[in-house]
Amino acid sequence: MRIVSIVGTRPQLIKAAALEPILRARASATLIDTGQHWDHALAGAFFAELGLPRPEHTLGIGGGGHGAQAGRMLEALEPLLLASTPDAVVVYGDTNSTLAGAVAAAKLGLPVAHVEAGLRSFDRAMPEEVNRVVADHVSRWCFAPTATAVANLAREGITEGVVLVGDLMQDLAARILPEIRDPAILGTTGLTSSGGGPPAPGRYLYATIHRAQNRSGAAMRAWAAILDAAATPDRPVLLALHPGTQAALAEAGIRLADTVRVVPPVGYRTSLALQLHAAAVITDSGGIQREASWLGTPCLILRDTTEWPEVVQGAASTTVVVGLDASKAAAALRRLAPPGDGSAVTARVAAARIEPTGAGAAIVDVLLGRGATA
């Protein structure tokens, strides 16, 4: 069986790293990288770090507006798919690469498999929401990570080909957790915190911000104020900043407090380690809010909605949607991550457990006709 997988962003590389080894052991696999995250720090280093094979095709299509970028991807993908005549085309998540891959394959009559199908924030102002809805509706197989995702698909009339498989990102995080539990890992990150030494467990907050809706002038001023208020000399914020967001800040003339330390995008293991040992995480990323939840690290979501409702449900949840409300963010930090000596974080790290879901094997079983479909 011939299967083409299409990736383009860091989160998609993480998912592919969990699926590709299983896929290549049982089928003929081709990997296409659209280049949506074209910067080496954003995506290039991930191939080596995650053990991913180099893609058979790299398109180098990064930058530009949503429509222009997706259009260029469609134009480039069509001849590659025609030439390879795959039995299935796998797309991941909710990016422009997802949209272009799903539409290109569907227009050629090729079966589409959407990994992370059924997620909904119910906010069509988010480009990601539009991408994931379209991908689901043109897919032959909808591989859902959660029961909520299955229910979302059913409400839209999608029941055939829906399979609850689990979460590839959770499986990879479960595999990596033993490697990052020792706090000595923080000394290998190349980052510094207060006093010039490496970050110390519980003595910093870890933040990432990259969503398009958080790049307007008003939004950037709002989340900059949240980070400035959260950061102190004894517990700074380490902000791993997307280059596009950093450029938008500079253009708007917005300066962050000295206690907010901007660092370049970090690799997968470093990101997971920084989340695990942080006092709390502040993010607008769908992937990081999930990772923080699995690790048990308190997490503030700088959005008004989440496509992962499971992470904020239940009395024991330490993940909170705060949007860009400074008072909500401050209250959540006081409750979930009050300043301390780091001993609570040390105990939390020792207790962290992530259960693998077996998503990769389940997906490949279905693609090869050996698994059950709804």
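Counting only protein heavy atoms and a 1.4 Å probe, segment 15-116 has 38 square angstrom of accessible area per residue.
Over the chain, what number does the Rg to Rh ratio reach, with both radii from the alpha-carbon atoms and Rh per Kirkwood? Before the final figure, lay out each step's value.
Values: Rg = 20.2 Å, Rh = 21.0 Å.
We get a ratio of 0.96 for the chain.
Per-residue counts of other Cβ atoms within 10 Å, averaged by peptide: what ranking do you get for 117-129, 268-280, 136-148, highest first? Mind showing how you got there, number by number?
Working: 117-129: 18.2, 268-280: 24.1, 136-148: 21.2.
Listed from highest to lowest mean packing, they are 268-280, 136-148, 117-129.
Normalised by residue number, the volume inside the convex hull of the Cα atoms of segment 113-217 is 152 Å³ per residue.
Counting only heavy atoms of the protein chains, get the accessible area per residue of segment 247-374 (1.4 Å probe) and round it to a whole Å² value. Mind showing how you got there, number by number?
Working: 5360 Å² over 128 residues.
Per-residue value: 42 Å².
Remark: the Cα gyration tensor places segment 131-177 in the prolate category, a/c being 1.5 or greater and a/b exceeding b/c. Amide H contacts of ALA117: PHE143, ALA144, each under 5 Å away and 5 or more positions distant or on a separate chain (H built 1.01 Å from N in the peptide plane; Pro and chain starts excluded).
Just how far, in whole angstrom, is segment 177-227 from segment 291-339 if you go by their alpha carbon centroids? One Cα centre to the other: 16 Å. The three principal axes of the C-alpha atoms in segment 75-164 carry coordinate ranges of 37, 27, 18 Å, sorted with the longest axis first.
Report Rg(Cα)/(2.2 N^0.38 Å) for segment 249-374, keeping two decimals. Can you show the working numbers first?
Numbers: Rg = 17.7 Å, N = 126, 2.2 N^0.38 = 13.8 Å.
Cα-based Rg divided by the globular estimate yields 1.28.
Here the chain exposes an accessible surface that is 56 percent carbon and sulfur, computed with a 1.4 Å probe and the other protein chains kept in place.
The values are calculated or read from the model by the stated rules, or taken from the named source; none is laboratory data. Just so you know, these numbers come straight off a predicted model, no measurement behind them. In this analysis, Cβ positions are derived from the backbone assuming ideal geometry, glycine residues included, and neighbour counts consider all displayed protein chains. Just so you know, the surface numbers come from the protein's heavy atoms only, side chains and all, with ligands and any DNA or RNA stripped out. Shrake-Rupley method; radii C 1.70, N 1.55, O 1.52, S 1.80 Å.
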